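Taking it in order: structure first as structure tokens, then the write-up.
The values are calculated or read from the model by the stated rules, or taken from the named source; none is laboratory data. All figures in this text were calculated on a predicted structure; none of them were measured in a lab. Every residue, glycine as well, gets a Cβ built from its backbone with ideal geometry; the counts of neighbours run over all protein chains shown.
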Amino acid sequence: MRSTIIVSARGQITLPAAVRKRLGIEPGGVLVLDESKGEIILRPVSVVEIETYSDDAIALWDEEDRVTPDERAELIRRLGPVP
């Protein structure tokens, strides 16, 4: 879906109601903004308090998310180098 959105003097935008409804974006919702190659990408996200998880659980996730040197080389080959 393509929409024209006006940026206010304060840099604010209004997301169309149909988009907010379809993506489940409610008042007070959080979006992540990514900028890449002159484009802006907004994604709705969930925010979870970090205190909910123990340091041990977070350390385990960090370990599970690590990639081997071979996996990293394959990712770079497929996606290109990180800027």
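Scanning the range 3-21 for residues that are basic (Lys, Arg) and in a helix (DSSP H, G or I) returns 20, 21. The set of residues from the range 12-33 being over 16 Å from residue 1 (Cα atoms) and either exposed (fewer than 10 other Cβ atoms within 10 Å of the Cβ) or of a type in the set (Lys, Arg) (or both) comprises 12, 26, 27, 28, 32, 33. Only one of (1) assigned to a helix (DSSP H, G or I); (2) touching a Leu at 6+ places or on another chain (Cβ under 8 Å) fails for residue 73. Which number is that? Residue 73 satisfies every listed condition except (2). Number of residues in the range 3-41 that are in contact (Cβ under 8 Å) with a residue 12 or more places away in the chain and of a type in the set (Asp, Glu): the value is 0. If we keep just the residues of the range 22-63 that are among the small types (Gly, Ala, Ser), modelled with pLDDT of 90 or more and not in a strand (DSSP E or B), which is farthest from the chain's Cα centre (by Cα)? For the range 22-63, the residue satisfying everything is 59.
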